[in-house]
Amino acid sequence: MKYNFGYLIDLITVITEKELKVRYKSSFLGYLWSIANPLLFAMIYYFIFKLVMRVQIPNYTVFLITGLFPWQWFASSANNSLFSFIANAQIIKKTVFPRSVIPLSNVLMEFLHFLCTIPVIIVFLYIYDMSPSISWLWGIPLIGFGQMMLTYGLALMLSTLNLFFRDLERFVSLGIMLMFYCTPILYSVDLIPEAYRWIIGTNPLSLMIVSWRDLFMHGTINYITLSHIYLSAIIMMVLGVWVFNKLKFRFAEIL
């Protein structure tokens with residue numbers, strides 16, 4: 001069945017709005033919780049790495065939040081996507097629509113949260129005598145769309161597989177924790193021994209975090225790195241769509 005573009009946009013908007021309302025129902029602070037969580041972790045990591053271990057990274061608070069905020073977008077999307085089809089089981093069974101938009105709505109919701117953290121980054125930049133760059137105007141959409149593709153491809157695959165392998169949730173949690181420490185969020189690439197720097201080149205999340213940090217802190221965009229991010233995103237999208245198309249016909253019987 002084919003759907004026109006306007007219908008898909010309306011559908012994605014409606015589902016994303018629904019997810020936001022469910023997430024923040026009876027919540028007084030609302031989306032501020034999405035900012036408070038990484039800020040709290042930033043305070044903890046600042047205390048451990050800057051004050052206790054005395055890591056020599058300039059402007060370490062800005063360094064931390066420019067890595068933690070985009071990471072939260074990715075990690076929250078991956079975790080939440082696991083149950084996106086399960087949570088919408090009744091809609092899937094009763095309504096005919098492209099089911100692939102459900103994980104996309106989760107990724108978009110976390111993207112909106114990420115956008116809400118940018119003013120916080122700006123505040124901290126000014127605190128540390130830094131300022132936003134004009135390159136943000138095209139850098140944020142370029143890197144953001146690459147991360148959107150990468151995250152959506154993974155979310156689509158995880159949400160599909162989790163219907164058939166319910167233990168996947170535990171493996172994903174462990175995998176995300178492992179990737180967090182293998183990605184230069186708490187430390188800079190310069191601190192990685194030469195023998196292990198190949199991890200950066202083969203880890204698209206590392207390239208993504210480094211790109212965000214370079215953009216926010218220095219106003220620079222490495223287009224070679226960006227091309228590698230898009231290549232990884234395309235591969236993940238193809239893989240996610242392939243897994244979804246292979247298994248989507250069994251959704252009704254599983255749900």
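Where the accessible area of the chain is counted over protein heavy atoms with a 1.4 Å probe, how much of it, in %, is carbon and sulfur?
On the way: 9440 of 13590 Å².
Here it works out to 69 percent.
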Cα centroid distance between the range 97-112 and the range 127-142, in Å?
27
log₁₀ I(q)/I(0) of the range 116-172 at q = 0.15, 0.16, 0.28 Å⁻¹, via Debye over equal Cα point scatterers, no solvent, to two decimals?
-0.65, -0.69, -1.08
Out of all Cα-Cα pairs in the chain, roughly what percent, to the nearest whole number, are more than 33 Å apart?
22
Which helices pass in the chain if a helix is a full DSSP H run, must span at least 30 angstrom along its long axis by Cα, and must have mean Kyte-Doolittle hydropathy not below 0.5?
101-127, 136-164, 223-247
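Kirkwood hydrodynamic radius, computed over distinct alpha-carbon pairs, for the range 50-111: how many Å, to one decimal? If you can, show how the numbers build up before the last one.
On the way: mean 1/r = 0.0705 Å⁻¹.
About 14.2 Å for the range 50-111.
When each pair of different Cα atoms in the range 52-177 is counted once in the 1/r mean, what is the Kirkwood radius in angstroms, to one decimal? Show your work: numbers first, answer last.
Numbers: mean 1/r = 0.0607 Å⁻¹.
That comes to 16.5 Å for the range 52-177.
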In debye to the nearest 20, how big a dipole does the chain give about its Cα centre with +1 on each Lys and Arg Cβ and -1 on each Asp and Glu Cβ?
760
Expressed in square angstrom to the nearest 10, the accessible area of Asp190 with a 1.4 Å probe stands at 120
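On average, how much accessible surface per residue is there in the range 79-190, in Å², for a 1.4 Å probe, leaving out ligands, DNA and RNA?
Details: 5090 Å² over 112 residues.
Per-residue value: 45 Å².
Want the number for Ile91 to Lys246: 0.36 nm per residue separation, take away the alpha-carbon distance, what's left?
Working: separation 155, 0.36 × 155 = 55.80 nm, distance 2.06 nm.
This chain segment gains 53.7 nm when fully extended.
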Jot down the radius of gyration and Dmax of the range 104-216, Cα atoms only, both in angstrom.
16.3, 51
Please report, in Å, the Rg and the Dmax of the range 152-218, where both are computed over Cα atoms only.
14.7, 45
Out of Met130, Met236, Met53, a Gaussian network model of the chain with alpha-carbon springs under 10 Å gives the largest mean-square fluctuation to Met53
On the formula 1/(1 + (r/R0)^6), with r taken between the Cβ atoms of Cys116 and Trp198 and R0 of 41 Å, the FRET efficiency rounded to 0.05 is 0.70
Full extension between Ile224 and Tyr187 adds, at 0.36 nm per residue less the Cα distance, a length in nm of 11.1 nm
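If you place +1 on the Cβ of every Lys and Arg, -1 on the Cβ of every Asp and Glu, and leave all else neutral, what size is the dipole of the range 167-227 about its Cα centre, to the nearest 20 Debye? Display every interim value, and only then the final one.
Working: 3 positive and 5 negative charges, 11 e Å.
So the magnitude is around 60 debye.
The values are calculated or read from the model by the stated rules, or taken from the named source; none is laboratory data. In this text, all values refer to a predicted model and were calculated from it rather than measured experimentally. So basically every Cβ, Gly included, is an ideal-geometry build from the backbone, and we count neighbours across all protein chains shown. Side chains are part of the model used for accessible areas, which takes the heavy atoms of the whole protein and leaves out ligands, DNA and RNA. Shrake-Rupley method; radii C 1.70, N 1.55, O 1.52, S 1.80 Å.
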